[in-house]
Amino acid sequence: MNIFIRILNEDDAEMYRALRLTALKTNPEAFGSTYEREKQFSIERIKQRILPSEKRITLGAFNERNMLIGIVTFLRETNTKMQHKGHVLGLYVMADNRGQGVAKRLLVETIELVKKWDGLEQINLTVVSTNLSAIQVYSKLGFKVFGTELKAMKYENQYFDEHLMVLFL
């Protein structure tokens, strides 16, 4: 499968919104937000969310039909004492495209881009502790678990623990 990865911009807002809502509906346990909350977001709010800046980028993975099949966001801390780190957020790959290296490619591209950001030293992320395939991808890229937040999220009366992971650049 041919995959093309690039930074998303406001022209991608409709595709991003559709995939994000699919993610929230398909894997609600993996995200802090909810489908019900984000389906209310205007397209203008989505455009602002994915607009690249010196502190935030959202990458998309596209297939040969130019269909958006994966997304990931990187958000750098803005507090002066925390600007040396940033966070991987909202990684999602469509179910039909999993197991083909799309998530890994999105992460590798994200890491390569943000390594160039002046003063950035570490990348953090959280992952539901039962998502073994995601944990395996992160680990292969050098991320290490440095803690586990018990009952980090609660959805439909079920608790989910999250591993805290870090990659030092």
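The values are calculated or read from the model by the stated rules, or taken from the named source; none is laboratory data. Nothing here was measured: the structure is a model prediction, and the numbers come from that model. Note that we place each Cβ from the backbone using ideal geometry, even for glycine, and neighbour counts take in every protein chain shown. For the accessible areas, the whole protein counts, side chains as well, though only heavy atoms, and no ligand, DNA or RNA atoms are used. Shrake-Rupley method; radii C 1.70, N 1.55, O 1.52, S 1.80 Å.
Computed quantities for the displayed model
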| quantity | calculated |
| --- | --- |
| Residue match in the stretch 3-23 (condition: part of a strand (DSSP E or B) and in contact with a Lys or Arg (Cβ under 7 Å, 6 or more places away or on another chain)) | yes |
| Residue under evaluation Pro52, criteria (1) in a loop (DSSP other than H, G, I, E, B); (2) touching a Lys or Arg at 6+ places or on another chain (Cβ under 9 Å); (3) within 27 Å of Asn2 (Cβ to Cβ); (4) not acidic (Asp, Glu), criterion not met | (2) |
| Among (1) in contact (Cβ under 8 Å) with a residue 24 or more places away in the chain; (2) out of contact with any helix residue (DSSP H, G or I) (no Cβ under 6 Å at 6 or more places or on another chain); (3) open to solvent by 50 Å² or more (accessible area, probe 1.4 Å), the one test that Glu36 misses | (1) |
| Flag if Leu51 is surrounded by 13 or more Cβ atoms within 10 Å (Cβ to Cβ) and either among the charged types (D, E, K, R) or closer than 21 Å to Val114 by Cβ (or both) | yes |
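A quick yes/no check of all residues on (1) open to solvent by 20 Å² or more (accessible area, probe 1.4 Å); (2) under 13 Å from the mean Cα position of the chain (by Cα):
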position: Leu68; (1), (2): no, no
position: Phe74; (1), (2): no, yes
position: His87; (1), (2): yes, yes
position: Tyr92; (1), (2): no, yes
position: Ala103; (1), (2): yes, yes
position: Lys116; (1), (2): yes, no
position: Thr130; (1), (2): yes, no
position: Ser139; (1), (2): yes, no
position: Phe143; (1), (2): no, no
